[in-house]
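Reviewing the structure listed below.
The values are calculated or read from the model by the stated rules, or taken from the named source; none is laboratory data. Only a predicted model underlies this, so the values are computations on that prediction, with no experimental measurement involved. A quick note on method: Cβ atoms are made from the backbone with ideal geometry, for glycine too, and the neighbour counts reach across all protein chains shown.
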Amino acid sequence: MKEKFKSWAFSKEHGKCDVITLIIYLLGVCTVSFFHEPWFDEAQSWAIARSGTIKEILFEIPHYEGHPPLWHLILAPFAKLGAPYELSLAAVNIFFMTLAVAVLLFKSPFPKLIRCLLPFNFFLFYQYGVVSRPYCILVLAIFLAAACYKNRNEHPVKYLLCLALMCAVHSYGIIIAGCLCIVWLIEIFTEYKKSGKLAGILKDRRCWLMFCLLIFAMLVMAAIVPDENVYLGGKMSSETEKKFDFSCINILFCFVIFSDSIITSFFNYAGVPSEIASQIPVIVVSILLVALFVTITYRNKKLLTFLLPYGVLSIFGSFVYISPHHIGVITAFVIFVLWIIVDESGKVLLPEYMNKISAKIGKKLKVIVKAIAFLPLLIPIAWSCTSSYFDIRYPYWFDEAADFIKEYHLDDYKIMGYWQQVLNGEIDDDAFWNVDEADYMWHDYPNLQG
């Protein structure tokens with residue numbers, strides 16, 4: 001029985017198991033989505049698609065929204081034709097996320113057990129499967145790129161179309177696609193240098209296709225450059241939006257987002273503690289996990305492929321903007337890296353120091369180590385179950401607010417949820433409270449979380 005299970009669990013053959021997993025995933029996501037009440041970011045995308053003109057969606061709104069217009073353009077036909085809001089929004093999201101999971105199940109080279117557990121990861125199931133945001137398309141693009149990676153030199157158009165889709169969906173997609181292209185260019189340059197025909201690189205089709213992708217990515221970046229009065233990650237005015245604080249916490253963050261993407265939930269996104277001493281356990285676990293993955297990618301000759309995109313993503317997240325739901329992009333990228341390693345080598349080769357340690361420990365300890373190695377697969381599934389339970393069990397209070405608005409026919413009124421005014425000056429300064437308001441400059445802005 002034990003041998004039969006091992007034979008099944010570590011088989012790479014695709015078949016009924018993948019079909020059953022996909023059906024269970026689809027039924028699960030549909031069930032939780034039925035009870036899920038869209039939150040304001042989900043609703044805002046629908047409102048933009050419904051009320052914005054195509055010109056505004058393409059050229060004006062992205063400067064305030066921060067996202068490329070693709071998601072809004074996909075929603076636009078449904079929203080503008082009067083399709084049901086919650087049903088249509090969920091259906092579009094589930095369609096793309098189910099496609100992403102199908103690619104993972106039927107195209108990835110992972111063993112069956114891993115393949116069948118991954119779709120129920122918190123980010124793949126709940127955060128991107130139930131919550132309707134453009135990340136469903138980004139995950140699809142990342143998985144398609146992984147499937148095309150092995151044959152990228154023979155079929156560069158397929159691979160680069162996947163990278164273009166990443167760019168069209170999210171700024172994080174632009175970072176990942178750009179860094180993957182840089183690594184590929186280095187590989188192509190090394191290839192020509194070794195052959196002694198360096199001039200031939202100027203005629204290489206792959207390089208010209210990447211140049212076309214660069215132009216496309218630059219157009220997308222131009223569309224999402226924040227306007228001077230945009231709300232940017234808690235920065236309320238043009239004077240503060242380009243000021244980024246640097247501290248040890250920023251460096252710690254670059255490690256924490258990796259561990260948070262696979263197994264932990266360390267980072268306090270609402271308010272980062274300033275005392276490093278209190279974060280020693282977080283620092284140790286996070287650095288160890290990053291170091292472990294670095295040694296694994298180095299052993300499998302994919303160090304730069306992992307380190308460059310992850311490094312730029314973590315720095316961007318630390319100094320510019322990140323929210324908890326962005327961590328799932330790192331999860332998808334980690335799956336991408338492991339995917340291309342297994343696709344090329346047939347398995348993930350362990351570093352020599354791991355093999356030496358494995359040879360010295362006893363059988364019982366090996367079983368414990370293997371069980372710990374499976375925790376990154378199992379713990380996020382527990383998060384999915386918990387999140388799904390709470391979403392089904394408890395209502396989101398904004399639904400009651402919507403019912404109140406409908407009941408009293410307030411639909412056509414402008415409703416101000418919360419508004420703050422910040423006085424220009426130092427609060428600690430006694431003169432701040434003793435001088436007429438007219439002598440100071442006021443910054444008015446809405447509080448999004450009101």
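Only one residue in PHE125, PHE106, PHE78 is over 30 Å from VAL230 (Cα atoms), surrounded by fewer than 24 Cβ atoms within 10 Å (Cβ to Cβ) and hydrophobic (A, V, I, L, M, F, W, C). Which one? First the steps, then the outcome.
Details: PHE125 fails: surrounded by fewer than 24 Cβ atoms within 10 Å (Cβ to Cβ); PHE78 fails: over 30 Å from VAL230 (Cα atoms).
The unique qualifying residue is PHE106.
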**Q.** Any hit, the stretch 5-22, residues being surrounded by 13 or more Cβ atoms within 10 Å (Cβ to Cβ), modelled with pLDDT of 95 or more and basic (Lys, Arg)
**A.** no
Q: Give me a count of the residues in the stretch 336-354 that are assigned to a helix (DSSP H, G or I) and surrounded by 12 or more Cβ atoms within 10 Å (Cβ to Cβ).
A: 11
(Q) Quick check on LEU113: is it more than 30 Å from ALA49 (Cβ to Cβ), over 18 Å from the mean Cα position of the chain (by Cα), modelled with pLDDT under 95 and in a helix (DSSP H, G or I)? (A) yes
Q: Output yes when any residue across the stretch 316-325 is part of a helix (DSSP H, G or I), over 16 Å from the mean Cα position of the chain (by Cα) and within 30 Å of VAL225 (Cα to Cα), and no when none is.
A: yes
Q) Among all residue pairs at least 6 apart or on different chains, which show Cβ distances below 8 Å where the first residue, located in the stretch 290-306, is aromatic (Phe, Trp, Tyr) and the second is not in a helix (DSSP H, G or I)? A) TYR298/PRO351
(Q) Condition (residue is over 30 Å from ARG205 (Cα atoms) and within 18 Å of the chain's Cα centre (by Cα)) applied to the stretch 138-146: is it met by at least one residue? (A) no
Q: Within the stretch 23-75, work out how many residues are more than 28 Å from LEU104 (Cα to Cα) and of a type in the set (A, V, I, L, M).
A: 8
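Residue-by-condition table, conditions (1) farther than 24 Å from MET221 by Cβ; (2) surrounded by fewer than 19 Cβ atoms within 10 Å (Cβ to Cβ):
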residue	(1), (2)
TRP39	yes, yes
ARG50	yes, yes
ILE57	no, no
TYR64	no, yes
TRP71	no, no
Q: Scan the stretch 11-40 for residues that are farther than 22 Å from CYS385 by Cβ and assigned to a helix (DSSP H, G or I) and jot them down.
A: LYS16, VAL19, PHE40
Q. So which of VAL169, VAL183 ends up being within 27 Å of VAL320 (Cα to Cα), among the aliphatic types (A, V, I, L, M) and surrounded by fewer than 19 Cβ atoms within 10 Å (Cβ to Cβ)?
A. VAL183
(Q) Just to check your reading of the model, which residue among GLY82, GLY129 is assigned to a loop (DSSP other than H, G, I, E, B), touching a residue at least 12 places away in the same chain (Cβ under 8 Å) and not polar (S, T, N, Q)? (A) GLY129
Q) Name the residues in the stretch 135-161 that are more than 16 Å from VAL101 (Cβ to Cβ), in contact (Cβ under 8 Å) with a residue 12 or more places away in the chain and either out of contact with any Leu (no Cβ under 7 Å at 6 or more places or on another chain) or buried (at least 24 other Cβ atoms within 10 Å of the Cβ) (or both), would you? A) CYS148, TYR149, LYS150, ARG152, ASN153, TYR159
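State which residue is surrounded by the fewest Cβ atoms within 10 Å (Cβ to Cβ) when the search covers only the stretch 233-278 and only residues that are of a type in the set (Phe, Trp, Tyr) and modelled with pLDDT of 85 or more. First the steps, then the outcome.
Start the filter on the stretch 233-278 by keeping residues that are of a type in the set (Phe, Trp, Tyr), which leaves 244, 246, 253, 255, 258, 266-267, 269.
Pick out the ones that are also modelled with pLDDT of 85 or more and you get 255, 258.
On the way: PHE255: 21, PHE258: 26.
Per the stated criteria, the residue is PHE255.
Working carefully through the options PRO281, PRO309, find the one that is out of contact with any Pro (no Cβ under 6 Å at 6 or more places or on another chain), assigned to a helix (DSSP H, G or I) and surrounded by fewer than 17 Cβ atoms within 10 Å (Cβ to Cβ).
None of the others qualify; the one that does is PRO281.
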Q. Does VAL329 satisfy the condition of being under 21 Å from ILE257 (Cβ atoms), surrounded by fewer than 22 Cβ atoms within 10 Å (Cβ to Cβ), among the hydrophobic types (A, V, I, L, M, F, W, C) and within 21 Å of the chain's Cα centre (by Cα)?
A. no
Q: Could you check how many residues of the stretch 70-106 are hydroxyl-bearing (Ser, Thr, Tyr) and more than 27 Å from ILE340 (Cα to Cα)?
A: 2
(Q) So for the stretch 304-314 (the condition being at pLDDT below 85, under 18 Å from the mean Cα position of the chain (by Cα) and more than 24 Å from ALA373 (Cα to Cα)), does at least one residue qualify? (A) no
